[in-house]
Amino acid sequence: MREFINLTLGGVITGAVYAAFALALVLIWRSTRIVNFAQGAMGALTTFIALSLIESGQSYWVGLVVALLAGLVLGAVIERLVIRPVEGGPELNAVIVTLGLFIAIQALISVLFGVNQRAFVAPFSTIGFTVGDSNLALSPNTLFTLGAVLLVMAGLVALFRFTRVGLAMRASAFGQEVARLLGVRVGRMLTLGWALAAVVGSLAGMLIAAEVTFVAPTFMDSLIVFGFVAAVLGGLDSPIGAVVGGLLLGLALSYVRGYFSDTLTGMAALVILVVVLLVRPGGLFSTTQTRRA
Amino acid sequence: MAETGAHGSTAAGAAGVGLSKGDTGRGAATGSSVIAGGGTATADAVLSVEGLSAAYGPVKALDGVTLRAEQGRITAVLGANGAGKTTLLRTISGLVRPTAGRVVLDGEDVTRAPVEAMVTKGMAHVPEGRGVIAELTVDENLRVGSLFRGKVAQDEFDRVYDLFPRIAERRGQTAHTLSGGERQMLVIGRALLARPRLLLLDEPSLGLAPRIVAQIFALLRKLVDSEGLSVLLVEQNARSALSVADTGVVLNLGRVVVTDDAARLAGDEDLRHAYLGF
């Protein structure tokens with residue numbers, strides 16, 4: 001029983017991290033219909049910027065704020081300079097561009113910060129709470145991770161649902177030409193979408209770094225697979241779907257890891273992806289209505 | 001600026017949708033001289049298109065089109081498939097860039113203006129295929145139409161819902177649940193929330209039952225007569241369009257064949273047979 005509880009808790013925590021990453025993917029998919037394979041590398045870059053600040057004596061929180069701001073700028077600049085020329089073109093072009101970005105940014109991190117593993121100190125204690133004589137897989141830091149992800153999700157949902165900017169972003173995503181005819185500055189909305197996504201991706205990087213405690217330029221790589229699976233589980237279009245997808249995937253993989261083998265998790269994730277795409281290609285929460293443009 | 005169109009616009013628009021013309025001063029400042037030469041001007045041209053040409057690659061879709069949309073009138077652009085009707089509207093609103101010619105809106109040359117700016121200049125374009133954003137709710141669709149104006153009072157939305165009770169019942173539903181007629185009502189209502197002086201309508205009758213088409217056209221007529229709205233209507237359904245329009249412009253292969261009073265066009269049997277198919 002205790003093992004089950006700990007696997008569940010562990011699953012929720014890693015799931016929250018997948019969810020954060022999936023949120024970033026969903027934001028970009030929503031606004032530009034592009035899967036951003038560079039998301040992990042972008043998050044890693046801003047995390048390294050924060051880590052350098054923290055190592056130079058600044059607090060974690062200064063590092064976090066700088067990482068998020070750096071993400072904002074990075075996302076906007078990348079959309080304007082690199083993505084804009086391939087927007088609206090064949091999908092494959094955009095895929096190749098984001099893959100190229102992934103490699104380029106990862107190389108940039110190595111050049112700027114070296115390829116060695118570096119310690120990353122979590123902002124809160126990572127020692128699990130104890131209940132009676134048992135040690136739970138739940139620590140103050142994992143609570144922080146979970147809270148941060150839920151807060152970001154709630155913020156994004158509120159942004160999309162209740163604000164004029166959010167409505168303009170959704171209009172731009174779903175009906176670009178109509179939105180332009182109605183006076184929505186679609187270009188700005190796309191830039192904003194990428195900027196927001198990169199902020200969320202940076203947050204994911206900071207949260208993961210605190211969980212894994214050692215970071216190298218490639219530390220976000222495995223997350224691309226898991227984050228992508230989580231986003232597809234949620235239907236790629238919905239922030240809530242991304243978070244639920246992330247949590248479900250985290251739980252599933254945690255049970256696989258605990259009851260079968262650690263080495264099976266990557267395969268399990270892909271099996272889940274394939275099954276979901278076969279059975280419910282629109283994601284777990286899709287209605288039967290598929291959209292024809 | 002004279003607002004004495006043939007249908008005498010009563011700008012106050014007391015009972016209607018509140019489509020009072022934004023600033024009526026703008027046209028007068030720079031206008032008239034540009035459009036003075038344009039034929040028998042009985043009313044002010046809200047829009048004047050001068051020698052407009054556009055092409056898709058080597059294919060010429062518009063070839064020197066000149067026409068005007070007058071204040072407080074419905075101008076119908078008619079013609080067969082491929083005559084260039086849709087391209088004309090898309091070029092006017094900037095979605096297609098012209099290879100030659102000018103588009104003048106209220107005396108201002110807007111040929112190179114960005115698409116997003118047109119609606120702020122008083123022109124709303126309802127594209128072909130109805131252009132609802134299917135993923136958004138009815139209410140959200142309407143709100144997108146007024147986004148550029150900043151905060152808009154709820155009673156403006158209520159007035160649109162009063163005009164179209166059928167979509168009012170569905171305001172919380174996503175737009176993909178609407179029927180074709182309801183979608184057309186939604187996009188017209190959405191365009192009205194932009195408070196345009198000129199409305200570009202692309203094939204509003206497409207795929208709709210004749211009764212719904214008649215309803216929509218009657219409503220357009222009412223808006224034009226009571227609010228001084230001006231409409232440039234593109235239609236393949238020439239008979240219906242001419243029954244509601246003041247002026248008709250017949251396009252064929254990207255050129256204007258004839259521009260005349262709508263009633264006279266409808267009565268010209270040879271022309272009807274040759275270009276309008278009825």
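Residues that are among the aliphatic types (A, V, I, L, M) and either in contact with a Pro (Cβ under 9 Å, 6 or more places away or on another chain) or at pLDDT below 90 (or both) within region A:221-230 comprise A:Leu223, A:Ile224, A:Val225, listed in sequence order. Residues in region B:237-278 that are assigned to a strand (DSSP E or B), hydroxyl-bearing (Ser, Thr, Tyr) and under 25 Å from B:Val59 (Cα atoms): B:Thr259 only. Of the listed requirements (1) over 30 Å from A:Ser134 (Cα atoms); (2) without any contact (Cβ under 8 Å) to a residue 24 or more places away in the chain, A:Met1 misses just one: (1).
Cβ-Cβ contacts under 7 Å between residues 6 or more apart (or on different chains), taken from a first residue in region B:95-119 that is within 12 Å of chain A (Cβ to nearest Cβ) to a second residue that is among the aromatic types (Phe, Trp, Tyr), are listed as B:Val119/B:Phe148.
Conditions tested, residue by residue: (1) within 14 Å of chain B (Cβ to nearest Cβ); (2) outside any helix (DSSP H, G or I); (3) within 18 Å of A:Val35 (Cβ to Cβ).
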position: A:Gly187; (1), (2), (3): yes, no, no
position: A:Ala195; (1), (2), (3): no, no, yes
position: A:Ala204; (1), (2), (3): no, no, yes
position: A:Ala210; (1), (2), (3): no, no, no
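Take the conditions (1) under 23 Å from B:Gly248 (Cβ atoms); (2) more than 10 Å from chain A (Cβ to nearest Cβ); B:Arg90 misses just one of them, which is (2). Among all residues of region A:191-199, there is at least one that is crowded, with 18+ Cβ neighbours inside 10 Å, at pLDDT 90 or above, over 30 Å from B:Arg149 (Cβ atoms) and not aromatic (Phe, Trp, Tyr). Checked across region A:232-240, the condition of being within 14 Å of another protein chain (Cβ to nearest Cβ) and in contact with a Pro (Cβ under 7 Å, 6 or more places away or on another chain) holds for no residue.
Every listed requirement among (1) loosely packed, with under 15 Cβ neighbours inside 10 Å; (2) under 20 Å from A:Gly193 (Cα atoms); (3) of a type outside the set (Gly, Ala, Ser) is met by A:Ile127 save one, (2).
Of the residues examined, B:Arg68 is not one that is away from every other protein chain (no Cβ under 14 Å) and either on the phi > 0 side of the Ramachandran plot or in a loop (DSSP other than H, G, I, E, B) (or both). Hey, B:Leu265 hits all of (1) surrounded by 20 or more Cβ atoms within 10 Å (Cβ to Cβ); (2) more than 19 Å from B:Leu67 (Cβ to Cβ); (3) in contact with a helix residue (DSSP H, G or I) (Cβ under 9 Å, 6 or more places away or on another chain); (4) of a type outside the set (Asp, Glu) but one; which does it fall short on? Going through the list (1) surrounded by 20 or more Cβ atoms within 10 Å (Cβ to Cβ); (2) more than 19 Å from B:Leu67 (Cβ to Cβ); (3) in contact with a helix residue (DSSP H, G or I) (Cβ under 9 Å, 6 or more places away or on another chain); (4) of a type outside the set (Asp, Glu), B:Leu265 breaks only (2). Only one entry of A:Ile54, A:Ile49, A:Ile28, A:Ile83 meets the criterion of being at pLDDT 95 or above, β-branched (Val, Ile, Thr) and surrounded by 15 or more Cβ atoms within 10 Å (Cβ to Cβ), and that entry is A:Ile49. Suppose the filter is at positive phi and either in contact with a Gly (Cβ under 9 Å, 6 or more places away or on another chain) or in a helix (DSSP H, G or I) (or both); does A:Gly183 pass it? Yes; evaluated as a whole, the condition is true for this residue. Selection within region B:126-170: residues that are touching a strand residue (DSSP E or B) at 6+ places or on another chain (Cβ under 7 Å) and under 15 Å from B:Ala194 (Cβ atoms). The member of this set that is surrounded by the most Cβ atoms within 10 Å (Cβ to Cβ) is B:Val126. Mind checking whether some residue in region B:39-60 is surrounded by fewer than 18 Cβ atoms within 10 Å (Cβ to Cβ), within 14 Å of chain A (Cβ to nearest Cβ), in contact (Cβ under 8 Å) with a residue 60 or more places away in the chain and not in a helix (DSSP H, G or I)? No, every residue in region B:39-60 fails to be surrounded by fewer than 18 Cβ atoms within 10 Å (Cβ to Cβ), within 14 Å of chain A (Cβ to nearest Cβ), in contact (Cβ under 8 Å) with a residue 60 or more places away in the chain and not in a helix (DSSP H, G or I). Sub-8 Å Cβ pairs linking a first residue in region A:163-185 that is under 13 Å from B:Ala117 (Cα atoms) and at the interface with chain B (Cβ under 7 Å from one of its Cβ atoms) to a second residue that is among the charged types (D, E, K, R) and crowded, with 22+ Cβ neighbours inside 10 Å, at least 6 apart or interchain, are A:Leu182/B:Arg190, ordered by first then second residue. Apart from one condition, B:Met123 fits all of (1) within 8 Å of chain A (Cβ to nearest Cβ); (2) under 17 Å from the mean Cα position of the chain (by Cα); the exception is (1).
Check A:Ile78, A:Ile109, A:Ile127, A:Ile103 and return the single one that is part of a loop (DSSP other than H, G, I, E, B) and in contact with a helix residue (DSSP H, G or I) (Cβ under 9 Å, 6 or more places away or on another chain).
Exactly one of A:Ile78, A:Ile109, A:Ile127, A:Ile103 is part of a loop (DSSP other than H, G, I, E, B) and in contact with a helix residue (DSSP H, G or I) (Cβ under 9 Å, 6 or more places away or on another chain), namely A:Ile127.
The lone criterion from (1) buried (at least 20 other Cβ atoms within 10 Å of the Cβ); (2) out of contact with any His (no Cβ under 6 Å at 6 or more places or on another chain) left unmet by B:Arg112 is number (1). Is at least one residue of region A:25-39 among the small types (Gly, Ala, Ser) and within 19 Å of A:Asn93 (Cα to Cα)? Yes, because at least one residue in region A:25-39 is among the small types (Gly, Ala, Ser) and within 19 Å of A:Asn93 (Cα to Cα). Taking the conditions (1) surrounded by 14 or more Cβ atoms within 10 Å (Cβ to Cβ); (2) among the hydrophobic types (A, V, I, L, M, F, W, C); (3) away from chain B (no Cβ under 14 Å) in turn, A:Ala107 satisfies each one other than (1).
The values are calculated or read from the model by the stated rules, or taken from the named source; none is laboratory data. Quantities reported herein were computed from a predicted structural model and do not represent experimental measurements. Methodologically, a virtual Cβ is constructed for each residue, glycine included, from the backbone with ideal geometry; neighbour enumeration extends over all protein chains shown.
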